[in-house]
Structure formats: C-alpha cells, structure tokens
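To keep things clear, I will list the structure first and then write my remarks on it.
The values are calculated or read from the model by the stated rules, or taken from the named source; none is laboratory data. The model shown is predicted, which means the values in this text are computed figures rather than measured ones. With ideal geometry, Cβ positions are generated from the backbone for all residues, glycine too; neighbour counts draw on all protein chains shown.
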Amino acid sequence: MADRLGSYRDKRDFEKTPEPKGRGRKKTRAPRFVVQEHSARRLHWDLRLERDGTLASWALPRGVPAHPDENRLAVRTEDHPLEYLEFEGDIPKGEYGAGRVIVWDRGTYTSDRDMAEGLECGHLSFRLNGEKLHGGFALTRLRTGKDEAWLLVKKSDEDADGRRKPVRSQPESVLSGRTLDELS
C-alpha cells in the first residue's frame with residue numbers, strides 16, 4: 001500500500017490540507033467505491049474503486065454516464081487512501097487539487113476480474129451498487145503514459161436510462177446532504 005500512496009502523499013502538504021494521509025487497510029466483505037464531486041480548477045467527478053487497501057482513481061470531466069450511448073473520458077490519477085471514501089471538505093488554495101469536495105455517491109461494487117489484472121490489461125468491468133448509481137459499467141484504457149486516459153461507459157442493462165442525468169438532478173452529498181455550494 002505504501003508504494004501506491006507515494007505519489008498521492010508527495011503531492012500534498014498534510015500540515016495545510018485536511019485530506020487524509022492514509023492509515024491502512026480495512027477488511028470489508030465487498031469492495032467499496034466512491035464518486036466525489038470536486039470543484040478544483042474545473043468541476044469534475046472522481047471515481048474511486050477499492051483495491052488492496054487503496055482506491056484506484058479516475059477523474060471524470062463530464063461525470064458518470066447514465067446510458068450506453070454516453071461515453072465519458074476518465075483520466076487515471078494517483079491511488080488515494082481508503083479514508084477518501086468519507087472525505088468531504090475544502091482543500092486549501094495552493095494545495096494539489098485545491099477546491100471543494102463532496103461525496104456524491106458511494107456503495108459497493110462487484111467485478112468480473114481481479115482489479116490488478118484489469119488495470120494491467122487496460123479493461124475493467126464492474127457493477128455498482130450505490131445510493132445513486134446502479135448497474136454495469138466498463139473502463140477501457142485508451143492511452144498510457146503521464147496522462148493515462150480511459151473511457152467509462154454504462155453497460156446496457158435494466159439500470160441504463162438516457163433520460164436520467166444523475167450528476168445534475170441529484171447534486172447533494174450522500175454523506176452530508178449538502179451541495180458543493182453549501183459546503184463552505
């Protein structure tokens with residue numbers, strides 16, 4: 001775990017930011033996920049999937065798709081500590097990722113393959129069971145390197161609904177009930 005959080009810790013001054021440093025692994029029955037709405041340089045959402053004591057993370061500039069016809073860019077970011085499953089707050093100006101963060105959704109997920117294997121081969125297929133998001137999704141790597149890019153798609157299943165716009169119609173945190181604007 002320490003190696004996977006090294007990049008995360010190197011980017012932050014924990015004397016200044018309220019973000020968690022990362023303490024260790026908590027055993028759970030099903031792996032957990034979180035989607036955070038993050039008002040940094042630009043508004044985006046962060047998808048984080050639990051794996052081996054950390055959270056594999058992607059930034060979603062346009063949010064989470066609700067229908068298979070909607071593809072969303074997902075930019076791979078550094079792994080985050082498990083404490084990010086419940087992190088809400090205001091990251092101070094001058095710190096990496098400065099801006100407000102809320103827990104937009106959270107829950108558990110199931111995957112059809114081992115997370116490490118999926119990250120290595122560039123394809124993850126998983127089913128979310130959250131408070132707002134449900135159903136099958138897939139992440140496919142498009143580009144490797146410094147700006148590793150993936151594509152997030154909603155699978156065609158009973159939970160797909162093109163009329164639903166969850167990031168717009170349900171803006172409140174599942175933890176605090178507040179929106180980003182109400183967080184300050």
Q: Take the stretch 125-140 and flag every residue that is basic (Lys, Arg) and in contact (Cβ under 8 Å) with a residue 40 or more places away in the chain.
A: Lys132
Q. So which pairs qualify, if the first residue must be in the stretch 149-162 and on the phi > 0 side of the Ramachandran plot, the second must be outside any strand (DSSP E or B) and surrounded by fewer than 17 Cβ atoms within 10 Å (Cβ to Cβ), the Cβ gap must be under 9 Å, and the two must be at least 6 apart or on different chains?
A. none
Q.
I want to confirm something. Restricting to the stretch 133-146 and keeping residues that are at pLDDT 95 or above and either assigned to a loop (DSSP other than H, G, I, E, B) or of a type in the set (A, V, I, L, M) (or both), which single residue is farthest from Glu172 (Cα to Cα)?
A. Leu142
Q.
Can you find, within the stretch 104-121, the residue that is surrounded by the fewest Cβ atoms within 10 Å (Cβ to Cβ) among those that are part of a strand (DSSP E or B) and not polar (S, T, N, Q)?
A. Gly107
Q. Of all the residues that make up the stretch 72-103, how many are assigned to a loop (DSSP other than H, G, I, E, B) and closer than 22 Å to Pro171 by Cβ?
A. 4
**Q.** When residues of the stretch 75-94 are limited to those that are under 14 Å from His38 (Cα atoms) and charged (D, E, K, R), the one surrounded by the fewest Cβ atoms within 10 Å (Cβ to Cβ)
**A.** Lys93
Q.
Condition first: among the polar types (S, T, N, Q), crowded, with 20+ Cβ neighbours inside 10 Å and within 27 Å of Glu182 (Cβ to Cβ). Can you find one or more residues in the stretch 54-74 that meet it?
A. yes
Q: Please tell me if His67 is within 22 Å of Ala160 (Cβ to Cβ) and free of Cβ contacts under 8 Å to residues at least 60 places away in the same chain.
A: no
